[in-house]
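Novice: This is the structure I have questions about; it appears just below.
The values are calculated or read from the model by the stated rules, or taken from the named source; none is laboratory data. Small disclaimer: the values here were computed from a predicted structure and weren't measured. We place every Cβ from the backbone using ideal geometry, glycine too, and count neighbours over all the protein chains shown. Just the protein is used for accessible areas: all its heavy atoms, side chains included, with ligands, DNA and RNA removed. Shrake-Rupley method; radii C 1.70, N 1.55, O 1.52, S 1.80 Å.
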Amino acid sequence: MIRDIVIVGGGTAGWMAATYLNRVFGDRVAVTVVESDRVPTIGVGEATFSTIRHFFDRLGLAEHEWMPHCSASYKLAIRYQDWRAKGEHFYHPFERLPDVAGFNLADWWLYLDGDVSRFDERCLVIPALCEARRSPRSFDGRLLGEYTEDGRAQFPYAYHFDAALLARFLTTFGVERGVRHVLDDVLSVEQNDRGWIDHLVTARHGVVTGDLFIDCTGFRGLLINQTLGEPFESFEDVLPNNRAVALRVPEDMGLRGVEPYTTATAAPAGWIWTIPLYGRIGTGYVYSDEFCDPAEAEATLRAFAAPDSPDLEANHIRMRIGRNRRSWVRNCVAIGLSSGFVEPLESTGIFFIQHAIEQLVRDFPDAHWDQALADDYNRRVAEVIDGVREFLVLHYLAAGRDDTPYWKAAKTRAVPDGLAGRMRTWASLLPDESSVYPHFHGFDTYSWRVMLIGLGGWSTRPRPALALADADAARAVFADIPRRARRLAATLPDCHDYLAALHTGRVPAVG
Ligand SMILES: Cc1cc2nc3c(=O)[nH]c(=O)nc-3n(C[C@H](O)[C@H](O)[C@H](O)COP(=O)(O)OP(=O)(O)OC[C@H]3O[C@@H](n4cnc5c(N)ncnc54)[C@H](O)[C@@H]3O)c2cc1C
């Protein structure tokens, strides 16, 4: 059996993997994290995907137990600002579009309305809650509206948190439950005569041996790429953003308020994220160095996000966009940035980590190291990352913006094979279950619909059948959505007020 897992790297990936594997396998498997105190973590990664909820559930952690330690806040949606046209916005929420009388509500909207500037508020409830800055929970801890705690498939919200604080919180959580923590530099990774990893050599703790080695060393891929030589396949031909500059902006959030969403604002050579935490703003400009240099990017970000704080330290990051050909090679599995990464537009970095950990548990090997398990893992990890790649390319192809060389080039750039055909189909028909990327990649069909319509640059026609169908039921649903939204906005608390209560232990222990 595999009894000894050694994880190299103590960022979000390393500690999420360590705590989850420890939770699943208990003391039947030893988990060690070797983490350098010299090499910093990436220092960003603050917005998440709604499945993150299941990670905390699996660790047995309720919101009041971890959120106050991580400056955490709620995320109901991503607000796309200026992507369709300057001054316009729409929301991509964690909320499905229902079917009505045999057709999807988005199809009905296209037939009955078609005014893109009102699509999200006409079809969905969450955009109104975002505008009103509501918390998804009421002070008695109940979840918003008609949602229930057991809605596992798509939880209606995700979180923003300080990734460094989460890693520290999970360190304590893991160590208290038996994870061994070695604070040291890995100087070399030694292979046996079959090319499998045999042991690590560290600066102060000597040799560290193990059965399975997990590479969580970030973009450097110390084990998977540098030692085992697995090729990294770049996505820069279709997703050219390869740099970011980030700032942490202190704010009095009580005065400013906390919006329950991430904002992605289109910028001259990319886009800027704004992530409201409980205590500060995380912000950064993701851009392509083909169109903008780091100094210009930093100046753009400062002017946008912190014009009065010239002393804030900027974190410049070169991003490795793409994925390893295989993320599991021999007895090494890469998780996190060492495995693959696409720009954080849809907050998928931590989702990739969570998916990889869950898949590793399902495909966990024994002493026979059945290659079929590794093949299954590699296929699924590749499918998830490739699916998100397609979804992100859609964002640029379908965006209405074309006012700078960067946005103009986005319309003529190479497109992943499958997507080109899908986009042609979507000129006549909105995306449906059988026309979107066919493998699990985290995004439900509704997300493809919301983005295709909301971005405004890819027009599509209503289904002719709707002209012959009875529209009464759809009209009733459209009439009810603003009523439900108003009711919820009137009953749910202000997001900052709820977070203030949660962070000071004044809400009941739920969620
Ligand atoms: C600009 C940007 C924005 C992002 N935004 C988001 C977001 O909003 N949402 C999201 O989900 N994800 C986001 N991500 C992704 C997210 O940040 C990462 O997926 C996540 O932080 C995991 O990083 P990691 O642990 O793989 O690597 P890192 O944080 O880089 O950690 C690497 C670890 O390896 C250790 N290490 C390296 N070399 C050695 C050695 N020789 N010996 C010992 N230890 C070593 C380091 O000390 C460190 O602990 C973003 C990423 C970028 C680049």
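Novice: Looking at (1) closer than 17 Å to THR348 by Cα; (2) outside the structural domain of SER188 (by TED's automatic domain parsing), which one does LEU59 not meet, given that it meets all the others?
Specialist: (1)
Novice: Return the residues of the stretch 261-296 that are among the polar types (S, T, N, Q) and not in a strand (DSSP E or B); say none if nothing qualifies.
Specialist: Our first condition is that a residue be among the polar types (S, T, N, Q); within the stretch 261-296, this holds for 262-263, 265, 274, 283, 288.
The answer is SER288, and nothing else.
Novice: With respect to ASP107, is the statement that it is under 21 Å from PRO431 (Cα atoms), open to solvent by 70 Å² or more (accessible area, probe 1.4 Å), at pLDDT 95 or above and more than 22 Å from the chain's Cα centre (by Cα) true?
Specialist: Working: under 21 Å from PRO431 (Cα atoms): yes; open to solvent by 70 Å² or more (accessible area, probe 1.4 Å): no; at pLDDT 95 or above: yes; more than 22 Å from the chain's Cα centre (by Cα): yes.
No, not satisfied.
Novice: Out of GLY45, GLY9, report the one residue that is closer than 21 Å to SER188 by Cα, among the small types (Gly, Ala, Ser) and either surrounded by fewer than 16 Cβ atoms within 10 Å (Cβ to Cβ) or within 14 Å of the ligand (Cβ to nearest atom) (or both). Steps first, please.
Specialist: Details: GLY45 fails: closer than 21 Å to SER188 by Cα.
Within the list GLY45, GLY9, the selection yields GLY9.
Novice: Another question, if that's okay. Can you pull out every residue in the stretch 23-38 that is away from the ligand (no atom under 11 Å from the Cβ) and open to solvent by 20 Å² or more (accessible area, probe 1.4 Å)?
Specialist: As a first pass, look at the stretch 23-38 and keep what is away from the ligand (no atom under 11 Å from the Cβ): 23-32.
Matches in the stretch 23-38: ARG23, VAL24, PHE25, GLY26, ASP27, ARG28, ALA30.
Novice: Looking at the stretch 257-271, which of the residues that are within 13 Å of the ligand (Cβ to nearest atom) and under 17 Å from GLY400 (Cα atoms) is farthest from the chain's Cα centre (by Cα)?
Specialist: Kept after step one, since they are within 13 Å of the ligand (Cβ to nearest atom), are these residues of the stretch 257-271: 261-264, 270-271.
Filter once more, keeping what is under 17 Å from GLY400 (Cα atoms): 264, 270-271.
Values: ALA264: 13, GLY270: 18, TRP271: 16 Å.
Checked the stretch 257-271; the qualifying residue farthest from the chain's Cα centre (by Cα) is GLY270.
Novice: I'm checking my understanding of the structure. Among residues of the stretch 311-338 that are polar (S, T, N, Q) and open to solvent by less than 10 Å² (accessible area, probe 1.4 Å), which one is farthest from the ligand (Cβ to nearest atom)? Explain how you work it out, then say what you get.
Specialist: Our first condition is that a residue be polar (S, T, N, Q); within the stretch 311-338, this holds for 315, 324, 327, 331, 338.
Going one step further and asking which of them are open to solvent by less than 10 Å² (accessible area, probe 1.4 Å), we end up with 324, 327, 331, 338.
Working: ASN324: 13, SER327: 12, ASN331: 18, SER338: 6 Å.
If we take residues in the stretch 311-338 being polar (S, T, N, Q) and open to solvent by less than 10 Å² (accessible area, probe 1.4 Å), then ASN331 is farthest from the ligand (Cβ to nearest atom).
Novice: Considering only helices (runs of 4 or more DSSP H) fully contained in the stretch 367-446, which possess at least 3 residues that are touching a strand residue (DSSP E or B) at 6+ places or on another chain (Cβ under 8 Å) and at pLDDT 95 or above?
Specialist: Working: elements: 371-398, 405-409, 417-426.
Counting at least 3 such residues, we get 371-398.
Novice: Would you point out which residue out of VAL182, VAL116, VAL186 is under 28 Å from GLU35 (Cα atoms) and open to solvent by 10 Å² or more (accessible area, probe 1.4 Å)? It would help to see each step written out before you state the result.
Specialist: On the way: VAL182 fails: open to solvent by 10 Å² or more (accessible area, probe 1.4 Å); VAL116 fails: under 28 Å from GLU35 (Cα atoms).
None of the other options fit; the residue is VAL186.
Novice: Of these, PRO438, PRO431, PRO493, PRO508, which one is over 20 Å from VAL100 (Cβ atoms), in contact with a helix residue (DSSP H, G or I) (Cβ under 9 Å, 6 or more places away or on another chain) and open to solvent by less than 20 Å² (accessible area, probe 1.4 Å)?
Specialist: Answer to the selection: PRO493.
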